[in-house]
1. Among the candidates 67, 86, 41, single out the residue that is in a helix (DSSP H, G or I) and either among the aliphatic types (A, V, I, L, M) or touching a Lys or Arg at 6+ places or on another chain (Cβ under 9 Å) (or both).
2. Pick from the stretch 1-47 the residues that are of a type in the set (Asp, Glu) and surrounded by 12 or more Cβ atoms within 10 Å (Cβ to Cβ): which of them is nearest to residue 114 (Cα to Cα)?
3. Which one of 90, 109, 100, 85 is in contact (Cβ under 8 Å) with a residue 40 or more places away in the chain and charged (D, E, K, R)?
4. Has the stretch 58-70 got at least one residue that is out of contact with any His (no Cβ under 9 Å at 6 or more places or on another chain), in contact (Cβ under 8 Å) with a residue 60 or more places away in the chain, among the hydroxyl-bearing types (Ser, Thr, Tyr) and surrounded by 12 or more Cβ atoms within 10 Å (Cβ to Cβ)?
5. Quickly run through the stretch 91-106 and pick out the residues that are within 17 Å of residue 125 (Cβ to Cβ) and in a helix (DSSP H, G or I).
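Coordinate-derived values only; no laboratory data. A quick note: this is a predicted structure, and the numbers were derived from the prediction, not measured. Methodologically, a virtual Cβ is constructed for each residue, glycine included, from the backbone with ideal geometry; neighbour enumeration extends over all protein chains shown.
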Amino acid sequence: MQARLDFYRASPSATRAMMALEAAIGKSGIDKTLEELIRIRASQLNGCAFCLDMHVADARKHGESERRLATVAAWREAPFFTDRERAALEWTEAVTLIAETRVPDAVWEVVKPHFSEQEIADLTLLIVAINGWNRIAVSFRKLPE
């Protein structure tokens, strides 16, 4: 597979806007390990090799275990995740697959007890951001280095 274009160079102002969203997410207080699990799960669902490679490496830097990284795709069956992480991963899947799920009330009821309203908003913006990056990277065939 060959890269189609360098979107950073092709649209620098839009890329700066995406980076501004990332800066806001970075200030949100979301735990970095949870942030990376969310990015990894969305990237798995979207088939984004570039983002998976990057965020698995970032998760390791934040101290994430190999065992959890190896099982995040099967988080429902793996006993290594907390209830809070499970709620965030379920929210991630529902928001990422919005055309299929319409983010059902049942998922809302799962996430609500574990996060404040601001945290849910911040989680959702994180999910929006990684889905945006996934769509850009997959569309333009951005390859892992």
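1. Checking each option against the conditions leaves just 86.
2. So the residue we want is 31.
3. Of the residues listed, the single one that is in contact (Cβ under 8 Å) with a residue 40 or more places away in the chain and charged (D, E, K, R) is 85.
4. Within the stretch 58-70 (the criterion being out of contact with any His (no Cβ under 9 Å at 6 or more places or on another chain), in contact (Cβ under 8 Å) with a residue 60 or more places away in the chain, among the hydroxyl-bearing types (Ser, Thr, Tyr) and surrounded by 12 or more Cβ atoms within 10 Å (Cβ to Cβ)), the answer is no, since none of the residues qualifies.
5. Within the stretch 91-106, 91, 92, 93, 94, 95, 96, 98 meet the criteria.
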